[in-house]
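The values are calculated or read from the model by the stated rules, or taken from the named source; none is laboratory data. In this text the structure is predicted, and so the values were computed from the model without any measurement. Note: ideal-geometry Cβ built from the backbone for every residue, glycine included; neighbour counts use all protein chains shown.
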Amino acid sequence: MTTTTLRLTAAVRLHGGALPLLSGDIAMDGLQLDQIKVEPQIAAYRRMVRDLAFDVCELAPTTYLCAKAFNKQFTAIPVFLTRDFHHRSVVCNVASGIKEPKDLIGKKFGVRAYTVTTGVWTRGILESEYGVDPARVTWYTDDEEHVTEWVPPSNVVRLPPGESLAAMIAAGRLDAALSGAAGIGRSGPPTANWEAAAAQAVAAPTAAQLVPLFPNARTLEAAWYQRTGIFPIHGLIVIKNAVLAEHPWVALELLRAFQASKDLHLQRLAEAGPSTTDDRLILENQELIGGGDPLSCGLEANRPTIEALIQYAYSQKIIPTKVRPEEVFAPNALDL
């Protein structure tokens with residue numbers, strides 16, 4: 001461990017369990033993070049994947065798995081800043097005739113990009129729980145993939161520049177889509193305030209046209225979690241390999257610091273209640289999982305979830321081979 005303070009650039013959103021750490025409420029041993037704000041965060045994903053732009057970065061899990069398959073020079077620690085369930089993510093055009101998941105076979109489904117993590121989780125659930133083979137659905141995308149070397153399957157159609165999933169479903173040209181930033185809740189490339197602008201532009205004309213695929217999504221999500229132990233992860237932390245090569249202790253110290261930050265944030269939420277949409281989601285999901293840790297860190301506590309995501313990424317042709325969870329994270333920071 002160095003006796004001087006190591007300063008690292010960090011593109012991590014000031015939200016949720018990371019908030020106490022990034023606000024300076026959690027002390028680190030020999031380490032300081034200089035936060036770089038990138039709006040929206042997926043623009044930071046691209047800068048990290050393509051240019052190694054930061055020492056530390058919040059990154060989407062399937063972007064990370066795909067990037068590692070192409071030997072990108074960074075490594076994750078098992079810190080998951082956001083989590084959510086995804087039965088609730090699928091909406092269908094009322095004119096599509098879709099009544100149950102298997103009706104998606106042969107249909108047109110919109111997702112921002114094929115490797116987007118919400119899409120991977122959703123396709124995995126549709127296949128493993130309901131027998132919907134992703135290869136039998138045509139996936140329409142309106143944004144580029146973060147890892148430019150990755151080649152999508154033949155049943156993925158990229159919309160021409162200027163066209164969007166939101167406009168396409170409003171015109172009745174899509175049968176189903178993901179809601180929110182992963183689908184029709186935004187439009188166009190990642191620029192500042194894209195989600196808010198898109199919501200104002202597209203929510204009203206499409207609302208009457210859309211119905212959820214799973215009207216009882218919350219009940220299904222709770223039952224799925226209780227049966228499988230899978231709690232979908234988003235927003236993990238990666239560290240540049242050059243930093244880890246010179247300062248291997250950084251991985252464990254960041255794992256410790258983020259875990260302490262998460263614990264403090266959850267304590268504050270229990271005492272004062274939520275004040276943001278992110279915090280309300282944390283507490284909602286905590287209730288859904290029966291009161292457990294809604295932002296748990298470490299490999300062992302999250303093994304079923306990580307194994308499922310690797311399996312889904314492999315079966316959906318996002319990674320060429322299955323890897324073991326131990327291969328995904330820095331070996332000296334699997335657990336505290």
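Annotations
- Residue count, region 210-247 (criterion: exposed (fewer than 14 other Cβ atoms within 10 Å of the Cβ) and within 30 Å of Q35 (Cβ to Cβ)): 3
- Criterion applied to L59, L31, L14 was being touching a residue at least 40 places away in the same chain (Cβ under 8 Å), surrounded by fewer than 23 Cβ atoms within 10 Å (Cβ to Cβ) and within 28 Å of A301 (Cα to Cα), and the one residue passing it is L31.
- Residue match in region 68-89 (condition: closer than 24 Å to V151 by Cα, touching a residue at least 60 places away in the same chain (Cβ under 8 Å) and of a type in the set (D, E)): no
- F80 being aromatic (F, W, Y) and over 25 Å from C297 (Cβ atoms): no
- Residue within region 129-137 that is within 15 Å of the chain's Cα centre (by Cα), in the same structural domain as P161 (by TED's automatic domain parsing) and crowded, with 20+ Cβ neighbours inside 10 Å present: no
- Evaluation of L178 against (1) modelled with pLDDT of 90 or more; (2) more than 16 Å from S96 (Cα to Cα) (one fails), failing number: (2)
- Taking the criterion of being under 19 Å from the mean Cα position of the chain (by Cα) and part of a loop (DSSP other than H, G, I, E, B), the residues of region 218-248 that qualify are G229, I230, F231, P232.
- Residue among Q286, Q259 that is under 24 Å from H86 (Cα atoms) and of a type in the set (S, T, N, Q): Q286
- Residue identified as of a type in the set (A, V, I, L, M), in contact with a Lys or Arg (Cβ under 7 Å, 6 or more places away or on another chain) and at pLDDT 95 or above among A217, A222: A217
- Hits in region 262-283 - residues which are more than 16 Å from F80 (Cβ to Cβ) and over 19 Å from the mean Cα position of the chain (by Cα): L264, Q267, R268, L269, A270, E271, A272, G273, P274, S275
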